[in-house]
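All remarks here apply to the structure that follows.
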Amino acid sequence: MSSYEAATATATATATKWVVSCMVGVVIVGVSLLGAYSSNFGMFWKNRRRNKKPVRVYMDGCFDMMHYGHCNALRQARALGDQLIVGVVSDAEIIANKGPPVTPLHERLIMVNAVKWVDEVIPEAPYAITEEFMKKLFDEYKIDFIIHGDDPCVLPDGTDAYAHAKKAGRYKQIKRTEGVSSTDIVGRMLLCVRERSIADSHNHSSLQRQFSNGHSPKFEAGASAATASGTRISHFLPTSRRIVQFSNGRGPGPDSRIVYIDGAFDLFHAGHVEILRLARDLGDFLLVGIHTDQTVSTTRGSHRPIMNLHERSLSVLACRYVDEVIIGAPWEVSKDMITTFNISLVVHGTIAENNDFQKEQCNPYAVPISMGIFKILESTLDITTTTIIRRIVSNHEAYQKRNEKKGESEKRYYEGKSHVSGD
């Protein structure tokens with residue numbers, strides 16, 4: 001190679017190295033800039049999501065004799081925002097506007113707090129949304145919208161309880177749940193007490209099961225005591241869609257500790273909620289067995305249950321402590337059932353309608369007891385379904401009067417109602 005060729009080759013190699021170095025530098029700088037941009041872009045969206053104000057919606061109510069209709073209203077309200085704040089009306093306000101409540105405030109607070117769609121609770125809420133209280137909701141609780149059902153809420157003076165919210169443009173309406181109301185349930189109990197002797201004399205045919213499923217010859221003939229007490233026969237029509245809406249939609253994990261508790265769960269009350277809370281604390285997944293109407297009638301009397309199987313199932317499903325239910329659970333807990341559901345522990349509360357099961361020849365918990373997986377839980381509230389019924393009976397005239405008054409507004413609602421989309 002001549003000196004000229006050698007010099008040319010050296011110059012070419014040097015130039016190539018310089019070009020390669022420049023290209024590598026550009027790539028490194030580009031990657032660095034892209035990484036910085038991606039990081040900043042990610043932080044931008046993260047901060048934007050973090051700074052986005054959640055939509056807070058408010059719904060209030062008495063929530064007396066709380067049932068699946070209340071729960072469905074709360075579910076619908078929660079779907080209209082990111083956070084649901086619930087106002088529970090005080091005892092004094094209920095007495096002034098509707099008559100005596102069946103369940104006192106502290107029990108109603110337990111019930112509302114246990115509903116899985118509720119984020120916060122405001123106790124002692126007023127019955128009507130006044131301008132002063134509405135300002136408090138907007139300023140202190142940062143409420144965006146006030147929610148109520150499509151049924152009218154009229155004050156004793158004839159005015160709309162939500163007039164101020166509507167005027168402010170901060171009112172939203174949801175669809176009322178058909179087939180149930182507190183008035184209906186109180187009326188069922190009043191009928192139960194009044195007609196118990198009739199039910200017992202008809203081959204133990206349960207009057208309660210008749211009207212809880214929409215059948216009442218006297219009512220259909222136009223002469224029912226239900227009309228006098230201001231209640232309607234239950235026309236609740238269970239659908240698979242409603243059950244799916246109430247369900248958690250998830251099963252237990254492979255290593256989950258599954259706790260099982262069963263019962264009637266009739267007139268779902270604060271005592272039920274508390275025992276379910278205790279049961280859930282003992283494991284990772286709470287499975288609740290709900291006995292059939294026939295089983296409840298056989299074990300509790302022909303006048304039970306007040307609520308039918310599907311009504312009771314929805315009330316239990318709405319509880320935040322419950323993961324899954326067995327609709328129509330067997331009376332006896334068998335070995336096959338324990339294996340099928342992989343149950344680790346079976347529990348029962350100390351306060352119940354029937355606590356003589358261990359003395360009975362056919363103990364429904366004999367199998368889990370023999371397996372060493374049965375536990376008695378100390379109930380924190382001395383409340384049963386009978387307790388609720390006795391409250392009605394002891395103040396029969398007051399509740400009769402309350403139902404007659406409320407029954408008129410219920411009648412007007414059903415006569416003039418139109419279809420409301422969504423549920």
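Residues in the range 49-69 that are free of Cβ contacts under 8 Å to residues at least 40 places away in the same chain and in a helix (DSSP H, G or I): 49, 50, 51. Selection over the range 289-299 of residues that are open to solvent by less than 60 Å² (accessible area, probe 1.4 Å) and in contact with a helix residue (DSSP H, G or I) (Cβ under 9 Å, 6 or more places away or on another chain) gives a count of 7. Across the range 90-112, what is the total count of residues that are open to solvent by 40 Å² or more (accessible area, probe 1.4 Å) and more than 19 Å from residue 384 (Cα to Cα)? The number of residues fulfilling the criteria is 6. The residue list 276, 282, 286 contains one member that is touching a strand residue (DSSP E or B) at 6+ places or on another chain (Cβ under 7 Å) and open to solvent by 50 Å² or more (accessible area, probe 1.4 Å), which is 282. What about residue 315, is it open to solvent by less than 30 Å² (accessible area, probe 1.4 Å) and either in contact with a Pro (Cβ under 9 Å, 6 or more places away or on another chain) or at pLDDT below 95 (or both)? So residue 315 does not fit the description; no.
Mind listing whichever residues of the range 70-83 are part of a helix (DSSP H, G or I) and open to solvent by 30 Å² or more (accessible area, probe 1.4 Å)? Passing the criteria: 70, 75, 78.
Among the residues of the range 127-160, those that are surrounded by fewer than 20 Cβ atoms within 10 Å (Cβ to Cβ), touching a residue at least 40 places away in the same chain (Cβ under 8 Å) and either closer than 21 Å to residue 182 by Cβ or not acidic (Asp, Glu) (or both) comprise 141, 142, 145, 150, 151, 152, 154, 155, 156. Among the residues making up the range 84-126, those that are part of a helix (DSSP H, G or I) and more than 21 Å from the chain's Cα centre (by Cα) are 91, 92, 93, 94, 95, 96, 97. The set of residues in the range 244-260 that are over 14 Å from the mean Cα position of the chain (by Cα) and part of a loop (DSSP other than H, G, I, E, B) comprises 249, 250, 251, 252, 253, 254, 255, 256, 257.
The test for being in contact (Cβ under 8 Å) with a residue 40 or more places away in the chain, of a type outside the set (Phe, Trp, Tyr) and more than 23 Å from residue 381 (Cβ to Cβ) does not hold for residue 261.
Among the residues examined, residue 110 qualifies as out of contact with any strand residue (DSSP E or B) (no Cβ under 8 Å at 6 or more places or on another chain), within 16 Å of residue 318 (Cα to Cα) and in contact (Cβ under 8 Å) with a residue 12 or more places away in the chain.
Within the range 350-373, identify whether any single residue is modelled with pLDDT of 95 or more, surrounded by 18 or more Cβ atoms within 10 Å (Cβ to Cβ) and either closer than 20 Å to residue 284 by Cβ or within 28 Å of the chain's Cα centre (by Cα) (or both), and answer yes or no. Yes: the range 350-373 contains one or more residues that are modelled with pLDDT of 95 or more, surrounded by 18 or more Cβ atoms within 10 Å (Cβ to Cβ) and either closer than 20 Å to residue 284 by Cβ or within 28 Å of the chain's Cα centre (by Cα) (or both).
The single condition among (1) assigned to a helix (DSSP H, G or I); (2) open to solvent by 60 Å² or more (accessible area, probe 1.4 Å); (3) modelled with pLDDT of 50 or more that residue 19 does not meet is (3).
The values are calculated or read from the model by the stated rules, or taken from the named source; none is laboratory data. Just so it is clear, the model here is predicted, and its values are computed rather than measured. Virtual Cβ from ideal backbone geometry, glycine too; neighbours counted across all protein chains shown. Ligands, DNA and RNA are excluded from the accessible area calculation, which covers all protein heavy atoms including side chains. Shrake-Rupley method; radii C 1.70, N 1.55, O 1.52, S 1.80 Å.
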